[in-house]
Amino acid sequence: MNYTTGTGELQHWLVAEDGFRTNWLGKGEAVFSLGNGYMGLRSVTEEHYANEQRNLFVAGTFNKFADNEVTELPNASDVLWMEFTLNGVRFDLTQGEILAYRRTLNLKQAELVRDVTWQSPNGDLYDLIFRRFVSMDNLHVIAQRVTITPKQESVLTMTSGINGQMTNSGVQHFLEGDKRLYDGRFMQQLQTTTESGIDFAFHSVHRFSQHEPFEPKSIIKMDRRQIFFDYSDVVIPANETLTIEKYSTVFTSRDRDLSVDTTEELANFALNATRDVEAQGYDRLFNDHVNAWDELVWSHAPITIESEEMFDQLAIRFAQYHLAVMTPKHDHRMNVAAKGLSGEGYKGHTFWDTEIFILPYYTYTNPKIARSLLEYRYLSLPGAHRKAKENGYEGAMFPWESAWLDDGEVTPVWGAADIVTGEATKIWSGFIEQHITSDIAFAAWQYYHVTGDQDFMDNYGYELLIDTAKFWASRLEWNEAEGRYDINQVVGPDEYKEHVDNNAFTNYTAHWNIQTAIQYVELLRQEKPELFEQLNEKLDLETADERFRHVLDLIYLPQAREDGVLPQDDTYLQKEIIDLTKYKNQENVGSMFYDYNLEQVNEIQVSKQADVMILMYLLEDLFSADVKRANWEYYEPKTLHDSSLSLSTHSVLASDLGDQKLAYDLFRRASEIDLGPNMKTSDAGIHAASLGGIWQAVVNGFGGVRMTGGNLRISPMLPQAWNALTYSIDWKGETLDVQASQDQVTITRRTPSTEPLVIEVYGETREITDTFTSEVLSV
Ligand code: IFM
């Protein structure tokens, strides 16, 4: 990967790849993936290679192949597919010689450009440039432009069309469907998912030009799940440029922006839309797309980092780029997947990754999108109720992995091979990783206090907070001997410890959830009697409240030992301690499983990811700086950061502890998970939560932003390598611009007001009407 190709206006905007290797295809496909939250397109090349993974996902279009499989996002038809022969030789970069090669993702314009000079095996020379984008302006559009300039007169043939012979690791999610050609040019493929019955309409059309537009000789062909053109006899004179454009559209019967009732109506609508798209042409579509990106991301929530390392600015832009690509902002019936829309990993499912790692970005910069993602959880309540009931509990027990609104739990039951038994390892998360329920409650609470969105609370928030607390109140187990309530047999955030009792993160956040619900029930009773009555009917608030008050002080909250270490669970601190150096220095994550199986790892003091530490981040007021430090020193050396969710949390905490050097090192490591030089990290897709975590490391960590108890704190502390950091955040409906340097911070209210805004800055309460400047202090 090359991070230094952008110069002038494009400095810190370009991520490039300078070589072509078929065994590294996965990295570029994921890291360069394009999308707009409606769909995500893995960045395969137009021509096929072994080892490639061609993926097009449309958010929220889940399908379940068989009863013993879980629902997943189906891999839709490949519209990028274009195969060329030049003077009788197939264009194939593994043959002949590559004389120049660069593939560049322009983050600002969200365009992917591949620039190749190729000598074919017969000695002919060609310059080829491939450009493409997935429109942020019109969510249904994929546009490609290919230019071919031969050094000698050449004859081109091309096969290009729509290929529905796609699978998810062998599973075909679509019925054969219909294919048809319209107006002699517009290819149409209609398909329906096998179980969920979602109709997909794909259209593609080509445009050729060489000085003037022209129609080459062509023949339309169809095969199983395929429709394509064979073009032939296209003569390109030496040093002349042939331009081929391909416009494709994707529509489905789940799209909320369409008012169609039947497959036929969908097909007609999509066909006409494609005609319109083609008529606009690449340049106009591109212009609208670039403007839409600017409005949504780059002008809306810009972050600048002046650093000795140019990688840092690029890293935060890369994170913001992918957050926009992966987030279905257009529809509250869907949510962000753990790999975004960039790969088959985790089957398009949503985890706590959204609420704890991704949502803060939107809560602080684009509350409308944050609200839409939280509404998804509200709309998923029926599945959460079902899960609670099936497990003998009350209230809302959210699924660990989530897909369709009413699916409930969709975590697969069987996973990787156990190196000792040779069997598949059972995935317990879907059964007992229960902290997701309080994570969602926490995120809703955080959203409310940052945005002040009372309408959200009245319509969704209070109910979510109380319904989740009801689950916890029913989940607690009475421990007669100790006279307290325990939460036994769970998986906490550290997934290397299964069936543990009293995981600190789970117990504390459950306690927080119930405590917050008590406050809200009281508030409703006192201040919103009508809403209280409505919710009382739905949730039986009187009984719930009685139970909440009874259990609250009896919930067991593990306490720090004398040395400050908080037990991660009842048994962690008694487990064997081994030398983890080899695994701490591993090149690829999960290497411990080459030596141990999960059962053995369960008995060792080793953690996959932040557990106690993330508790100390989320509920920071409950723990002193000394306790945080003691736990850092105890747990971090035992944490392998085998989950991509771990490094960014540790970076924020290192900032909190005042160790900017360490925080910076961890920020860099987090940024390198996808963007770094290891070419095998992202084959299954980009790491969505880590990208949200990078924003948190910058804004919540170095930028010092935190909401605690409903109050705002801004106390930036930059790492040595940075001269300046600027960012903006939304706070209760207004925008604050923050400029921080090594010595000084300035906070500006974009809309000044005589009503002062209270912000804690370096431990002092400030009342700001317009702009406030402080020197940087350590607190
Ligand atoms: O949610 C995470 C989990 O914390 C660790 N394993 C991967 C999941 C999806 O990213």
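Each value in this text was obtained by applying a stated rule to the coordinates, not by laboratory testing. Keep in mind it's a predicted model, so treat the numbers as computed, not measured. Cβ atoms come from the backbone with ideal geometry, glycine included; neighbour counts cover every protein chain shown.
Summary of computed values
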{"read-out": "Alpha-carbon centroids, segment 142-200 and segment 447-472: separation in whole Å", "value": "45 Å"}
{"read-out": "Neighbour net charge for LEU373 - beta-carbon separation under 12 angstrom, K R +1, D E -1", "value": "+1"}
{"read-out": "Degrees separating the helix 381-390 axis from the principal Cα axis of the chain, which is the longest one", "value": "60 degrees"}
{"read-out": "Mean separation of Cα contacts under 8 Å (6+ apart) over length of the chain, as relative contact order %", "value": "11 percent"}
{"read-out": "Rg/Rh ratio calculated on Cα atoms of the chain (Kirkwood radius)", "value": "0.98"}
{"read-out": "Percentage, to the nearest whole number, of Cα pairs in segment 244-330 over 23 Å apart", "value": "47 percent"}
{"read-out": "Packing-based exposure ordering (other Cβ within 10 Å, fewest first) of MET616, MET707", "value": "MET707, MET616"}
{"read-out": "Centre separation in Å (Cα based) which lies between segment 214-264 and segment 534-566", "value": "59 Å"}
{"read-out": "Contact order normalised by residue count of segment 616-741, Cα under 8 Å, 6+ apart, percent", "value": "19 percent"}
{"read-out": "Phi-based couplings in Hz for segment 269-279 (Karplus 6.51, -1.76, 1.60; Gly and Pro marked x)", "value": "4, 5, 4, 5, 4, 5, 4, 5, 4, 4, 5"}
{"read-out": "Phi-based couplings in Hz for segment 221-236 (Karplus 6.51, -1.76, 1.60; Gly and Pro marked x)", "value": "9, 9, 9, 4, 6, 9, 9, 7, 9, 9, 9, 9, 6, 8, 8, 10"}
{"read-out": "Estimated dipole of segment 119-213 in Debye, rounded to 20 [Cβ of Lys and Arg +1, of Asp and Glu -1, Cα centre]", "value": "180 debye"}
{"read-out": "Whole-angstrom gap from segment 600-672 to segment 273-348, using each part's C-alpha centre", "value": "29 Å"}
{"read-out": "Amide H contacts of ILE555 (H built 1.01 Å from N, under 5 Å, at least 5 apart or other chain)", "value": "TYR485"}
{"read-out": "Relative exposure of MET187, MET310, judged by other C-beta atoms within 10 Å (fewest first)", "value": "MET310, MET187"}
{"read-out": "Rounded tilt (10° steps) of 541-551 against the dominant C-alpha axis of the chain", "value": "60 degrees"}
{"read-out": "Sparse-neighbour loop sites [GluC sites (Glu not before Pro); segment 599-655; at most 10 other C-beta within 10 Å; DSSP]", "value": "none"}
{"read-out": "Compactness relative to 2.2 N^0.38 Å, alpha carbon Rg of segment 555-714", "value": "1.06"}
{"read-out": "Vicinal HN-Hα couplings computed from phi for segment 198-207 (Karplus, 6.51 cos²θ - 1.76 cosθ + 1.60; Hz; Gly/Pro x)", "value": "8, 7, 10, 10, 10, 9, 9, 9, 10, 9"}
{"read-out": "For MET39, distant residues with modelled amide H under 5 Å away", "value": "ALA59"}
{"read-out": "Shape box of segment 419-566 [Cα atoms, principal axes, largest first, Å]", "value": "59, 35, 31"}
{"read-out": "Residues of type lysines that LYS638 reaches as a straight line, Cα spacing below 25 Å, ignoring anything fewer than 8 places off in the same chain", "value": "LYS426, LYS497, LYS575, LYS582, LYS584, LYS608, LYS628, LYS661, LYS680"}
{"read-out": "Within segment 509-560, GluC sites (Glu not before Pro) in DSSP loop having at most 15 other beta-carbon neighbours inside 10 Å", "value": "none"}
{"read-out": "FRET efficiency, ASP418 to ARG284 (Cβ-Cβ, R0 60 Å, nearest 0.05)", "value": "0.60"}
{"read-out": "Over segment 201-280, relative contact order from alpha-carbon pairs under 8 Å, at least 6 apart, %", "value": "37 percent"}
{"read-out": "Under-5 Å amide H pairs with THR735, H placed in peptide plane, nonlocal only", "value": "ARG750, THR751"}
{"read-out": "Rh by Kirkwood over Cα pairs, then Stokes-Einstein D for segment 607-657 at 0.692 mPa s and 37 °C, µm²/s", "value": "308 µm²/s"}
{"read-out": "Dipole of segment 505-577, positive end: most advanced residue of LEU531, TYR508, ILE518 [Cβ charges, Cα centre]", "value": "TYR508"}
{"read-out": "Low-density loop cleavage sites - trypsin sites (Lys or Arg not before Pro) in segment 181-244, where at most 10 other Cβ are within 10 Å (DSSP)", "value": "ARG224"}
